[in-house]
Amino acid sequence: MNFKKEPFFDGNTEWEDLGSGVSRQFVGYNAQVMMVIVKFEKDAIGAVHQHFHSQITYVAEGKFEVTVDGKTKILQKGGGFFAQPNIFHGVKCLEAGQLIDAFTPFREDFLKD
């Protein structure tokens, strides 16, 4: 398994188009942690889902309707949320923006073979 070990991130790495107005860019990761920037167009959806990873998300830009464990709140730049392992969570983008996600352990399922 290849880990992104460079000590610096300059924002020039490739964006991965996930479809439906969502794309992501890897900041860095190893076996313990992963950070990803996720870009959303207005009205794009991050479907409600769950996973065994701990996740903390920071709203870097835009406005999002966020649901975590059945509770919904509108978050804007400077806000964020924490999703415990196996808790359902998802977002709807109300104003185009970016989320910064950090996961532990890293999301092996995000990596291409």
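Worth a mention:
- Odd one out for Phe81, checked against (1) outside any loop (DSSP other than H, G, I, E, B); (2) in contact with a His (Cβ under 9 Å, 6 or more places away or on another chain); (3) among the aromatic types (Phe, Trp, Tyr); (4) within 21 Å of Leu18 (Cα to Cα): (4)
- Scanning the range 9-63 for residues that are in contact with a Ser or Thr (Cβ under 7 Å, 6 or more places away or on another chain), open to solvent by less than 20 Å² (accessible area, probe 1.4 Å) and among the aliphatic types (A, V, I, L, M) returns a single hit, Ala44.
- Members of the range 88-107 found to be open to solvent by 40 Å² or more (accessible area, probe 1.4 Å), within 14 Å of Gln55 (Cα to Cα) and without any contact (Cβ under 8 Å) to a residue 60 or more places away in the chain, listed by number: Phe88
- Residues that are β-branched (Val, Ile, Thr) and at pLDDT 95 or above number at least 2 in the following strands (runs of 3 or more DSSP E) confined to the range 1-73: 34-40, 45-49, 54-68.
The values are calculated or read from the model by the stated rules, or taken from the named source; none is laboratory data. Keep in mind it's a predicted model, so treat the numbers as computed, not measured. When we count neighbours, we look across all protein chains shown, and the Cβ atoms used for this are built from the backbone with ideal geometry, even at glycine. The accessibility values were calculated without ligands, DNA or RNA, using every heavy atom of the protein model including side chains. Shrake-Rupley method; radii C 1.70, N 1.55, O 1.52, S 1.80 Å.
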